[in-house]
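See below for the structure under consideration.
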């Protein structure tokens, strides 16, 4: 994504070292989500993570969006990644636990239950 005078936005950083392009994609995804465009929002959240893999807010929002789209295994993987980065991220921990419970009650256990158990 070009910036001012052909300089790419990824060269500029804001608080936390997140490239502006990733922040833009994240905020655009939130805008799409507010319009009920979950699939489109998910694509922009994924783009933000591709640019900045340790962007905690984007990982959290992606996991939440995946949950709302009933893509539970992938949602758990996003929360696992976020918890790897920030082991005390209370929102990710509680959402992950809620999804795992929902999956076990629905008879659809996580794809890798051994790994999920170790992370608990």
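Can you pull out the residues in region 33-70 that are touching a strand residue (DSSP E or B) at 6+ places or on another chain (Cβ under 9 Å) and more than 17 Å from residue 86 (Cβ to Cβ)? Result: 51, single match. Among the residues making up region 79-97, a single one is without any contact (Cβ under 8 Å) to a residue 24 or more places away in the chain and closer than 18 Å to residue 38 by Cβ: 79.
Pairs are defined by a Cβ separation below 8 Å, a sequence spacing of at least 6 or placement on different chains, a first member in region 47-63 that is free of Cβ contacts under 8 Å to residues at least 24 places away in the same chain and on the phi > 0 side of the Ramachandran plot, and a second member that is surrounded by 21 or more Cβ atoms within 10 Å (Cβ to Cβ) and in a helix (DSSP H, G or I); no pair meets this definition. Residues of region 10-28 include at least one that is modelled with pLDDT of 95 or more, surrounded by 14 or more Cβ atoms within 10 Å (Cβ to Cβ) and under 27 Å from residue 102 (Cβ atoms).
The values are calculated or read from the model by the stated rules, or taken from the named source; none is laboratory data. Here the structure is a predicted model, which is why all the values come from computation and not from measurement. Please note: Cβ atoms are built from the backbone with ideal geometry, for glycine as well, and neighbour counts cover all protein chains shown.
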